[in-house]
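So the structure is just underneath, and the comments pick up after that.
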2 protein chains.
Amino acid sequence: MRVADGMTIGEAASRSGVPRKTIRFYEDIGLIEPAKRFANRYRRYDGHDVQTLRFIHRARNLGFSIGEVGELLALYRDRRRASSDVKRLALAHVERLDRKIAELTAVRNTIADLARRCRGDHRPECPIIEELEAPAK
Amino acid sequence: MRVADGMTIGEAASRSGVPRKTIRFYEDIGLIEPAKRFANRYRRYDGHDVQTLRFIHRARNLGFSIGEVGELLALYRDRRRASSDVKRLALAHVERLDRKIAELTAVRNTIADLARRCRGDHRPECPIIEELEAPAK
DNA sequence: CTTGACCTTCCACCCGCTGGATGGCCTATA
DNA sequence: TATAGGCCATCCAGCGGGTGGAAGGTCAAG
């Protein structure tokens, strides 16, 4: 497999950061094109494929869904794209994140407050359990 | 089914806030005991069961995993519990939430910053795509 | 010639539900 | 009494986004 014209899935995985299994998974669901193959049927990747995988990896790390990553990939490949399309996706994602952060923060504060009021000793009295049993307000 | 001694799953669902399907699911996975049955094999619930379902509902809404809800339920039922056990679960959850919130906030700020620097017009230039292509630093 | 590191496919599992198919039960109305 | 509807039952499949394992092919080194 030490050929000049491409690398196997393992090398593409280590160069891109996307695990082998996940690369095959992305192929299965159609996020990436089916890979070319070597004569022995091993998948073959080139530098361009690795670049695409890195792009996907970063977009996923930023929390874009696979569907959105597909859209971003299409825009990435479209030289005539309007940056407004990219920005729209990004701002929608920021809004989603803001909602999620607000939700988690509210929950976090609720629990932290209950915990603060719980003595945490050998006795059973505990505002946390009481709140779950019958919430105040 | 208009009997004095219990209610069907639909009524338990609407009184507790846990959907019917979810109640059966909780039974399947052993989070709650298998329900008693009416003569016609319909599941039968009483006020105590509804209270348990409400407890579960609230704990889930606070983001505790099903496993943790199981632990909380056991502590809830244990009159001799030490409040320290409950507090430990709660504080572990707060830590998890803090980590998640920090992570989401970092991602949120990254994307918001990229979006701010993107003109969002008809032209293709876009720092968001550029960052995904090859991240700065 | 064997070992071990790759690679292949396929199938099952994780979490926490949710929806659908198919059929039984019960009550009200025509 | 027949039927319509609204419950209920079970079982199976799927969501998102992978991950792990089994069974087997391929290759280079020792």
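The values are calculated or read from the model by the stated rules, or taken from the named source; none is laboratory data. Just so we're clear, the structure is a prediction, and the values are computed from it rather than from any experiment. Neighbour counts are summed over all protein chains in view; Cβ atoms, including those assigned to glycine, are modelled from backbone coordinates with ideal geometry.
For segment A:51-68, name all the residues that are under 25 Å from A:GLY6 (Cα atoms) and of a type in the set (Val, Ile, Thr).
Listed by number, the residues that qualify are A:THR52, A:ILE56.
Return the residues of segment B:67-98 that are among the hydrophobic types (A, V, I, L, M, F, W, C) and closer than 17 Å to A:ILE111 by Cβ; say none if nothing qualifies.
Of everything in segment B:67-98, those that are among the hydrophobic types (A, V, I, L, M, F, W, C) and closer than 17 Å to A:ILE111 by Cβ turn out to be B:VAL69, B:LEU72, B:LEU73, B:LEU75, B:VAL86, B:LEU89, B:ALA90, B:LEU91, B:ALA92, B:VAL94, B:LEU97.
If the Cβ limit is 7 Å and pairs must be 6+ apart or interchain, which residue in segment A:21-50 that is farther than 10 Å from A:GLY6 by Cα pairs with which residue that is in a loop (DSSP other than H, G, I, E, B)?
Here the result reads A:TYR26/A:ILE32; A:GLU27/A:PRO34; A:GLU27/A:ALA35; A:TYR42/A:MET1; A:TYR42/A:THR8, each pair linking segment A:21-50 to a residue that is in a loop (DSSP other than H, G, I, E, B).
Out of the residues in segment B:1-20 that are hydroxyl-bearing (Ser, Thr, Tyr) and touching a residue at least 24 places away in the same chain (Cβ under 8 Å), which is nearest to B:GLU68 (Cα to Cα)?
Checked segment B:1-20; the qualifying residue nearest to B:GLU68 (Cα to Cα) is B:SER16.
Would you mind listing the helices (runs of 4 or more DSSP H) fully within segment B:1-98 where at least 1 residues are near DNA strand C (Cβ under 10 Å from one of its atoms) and polar (S, T, N, Q)?
In segment B:1-98, B:20-28, B:47-61 are the helices (runs of 4 or more DSSP H) which contain 1 or more residues that are near DNA strand C (Cβ under 10 Å from one of its atoms) and polar (S, T, N, Q).
How many of the residues in segment B:46-67 are within 14 Å of DNA strand D (Cβ to nearest atom) and in contact with a Leu (Cβ under 8 Å, 6 or more places away or on another chain)?
Adding up the residues that qualify gives 1.
Which residue pairs have Cβ atoms under 8 Å apart, sit 6 or more places apart or on different chains, and have a first residue in segment B:121-137 that is within 21 Å of A:VAL50 (Cβ to Cβ) and a second that is of a type outside the set (S, T, N, Q) and exposed (fewer than 15 other Cβ atoms within 10 Å of the Cβ)?
Listed pairs, sorted by first residue: none to list.
Kindly list the number of the only condition in (1) surrounded by 13 or more Cβ atoms within 10 Å (Cβ to Cβ); (2) within 11 Å of DNA strand D (Cβ to nearest atom); (3) at positive phi that fails for A:ARG41.
Exception for A:ARG41: condition (1).
Could you grab me the full set of residues in segment A:99-137 that are part of a loop (DSSP other than H, G, I, E, B) and of a type in the set (Asp, Glu)?
A:ASP121, A:GLU125
Given the criterion among the acidic types (Asp, Glu) and either buried (at least 16 other Cβ atoms within 10 Å of the Cβ) or facing chain B (nearest Cβ under 10 Å) (or both), identify the matching residue among A:GLU33, A:GLU68, A:GLU11, A:GLU27.
A:GLU68
What's the number of the condition A:ASN40 fails, among (1) touching a Lys or Arg at 6+ places or on another chain (Cβ under 9 Å); (2) more than 26 Å from B:LEU104 (Cα to Cα); (3) away from chain B (no Cβ under 12 Å)?
(1)
Kindly provide the set of residues from segment B:87-137 that are more than 28 Å from the chain's Cα centre (by Cα) and more than 7 Å from chain A (Cβ to nearest Cβ), ordered by number.
Matches in segment B:87-137: B:ASP113, B:ARG116, B:ARG117, B:PRO127, B:GLU130, B:GLU131, B:ALA134, B:ALA136, B:LYS137.
Here is a list of conditions, (1) under 17 Å from A:ILE129 (Cα atoms); (2) out of contact with any Gly (no Cβ under 9 Å at 6 or more places or on another chain); (3) in the same structural domain as B:GLU131 (by TED's automatic domain parsing), and B:VAL86 meets all of them except one; can you say which number that is?
(2) is the only condition that B:VAL86 fails.
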